[in-house]
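Down below is the structure, laid out as structure tokens.
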Amino acid sequence: MSTHPLKQRFVVDTSTFLTQEIRRDDEDLDATLTRVLDLISRAKLDLNISCYMPPSTYQELLNMLENRDVSDDVLASLNTWIIKKAPARLEVMIPAELVYGFIGEMTDRVNRGLRVSEKAVRKAEETRVDRGDDADDTMTEVDYVISDLRDEYRKTLRQGVLDSREDLDLLVLARELDAGVVTEDQGIINWADDFGLRYLEGRDFPRLLEDYLDAVDGMQ
């Protein structure tokens, strides 16, 4: 085992393991995760690089992988090499300015969400008028309107913003550990920037570990 002094820490999001960007052409999900977890294990043993997840984020990832029928071997490896640690929520301070800005942003997003909803109601009413008394066709068209509403509402209220406790846990843990954040989620990236945290897109994480490991091999 290496006594390398680097001791880098990363707090890893679920999206790091699920993004299509980390897959090679001939890989299924099991093969991709096996390769990435192998890199994580080697980085831990050779470079003392540790990967953390809050328990809430880890459970979220576990549920996603189980729903995708990922093998028990991959799940066992994940449990071995990903360190689960709850963030010290009562100890880590978050600047009031960030909370103030977040409240202002969410107020604006709620107002925009209301406008999206109003637009959908008007569209549904127009569809009903166009279809007349044909109840089945009316329901079909309204279903389409509802589907569009869901998509637009989700984009308006959730895209690019913290939208779950798991996301906040990840950021608080990274701040506590002075760790880099690894994610594909733009909302987490935006807040990592505001927190002054190092961050890396999940698609670039395997290559980063490969480069670190190659550099050490070249020095031996």
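The values are calculated or read from the model by the stated rules, or taken from the named source; none is laboratory data. Here the structure is a predicted model, which is why all the values come from computation and not from measurement. Glycine also receives a Cβ, built like all others from the backbone with ideal geometry; neighbour counts cover every protein chain displayed. Calculation scope for accessible area: heavy atoms of the full protein, side chains included, ligands and nucleic acids excluded. Shrake-Rupley method; radii C 1.70, N 1.55, O 1.52, S 1.80 Å.
Observations
- By average C-beta atoms within 10 angstrom, highest first, the peptides 168-177, 52-61, 205-214: 168-177, 52-61, 205-214
- Kirkwood hydrodynamic radius of segment 178-220, from inverse mean 1/r over distinct Cα pairs, in Å: 11.4
- Cα convex hull, segment 15-59: 84 Å³ per residue, rounded to a whole number.
- Normalised per residue, the accessible area of segment 27-84 is 44 Å², obtained with a 1.4 Å probe and no contribution from ligands, DNA or RNA.
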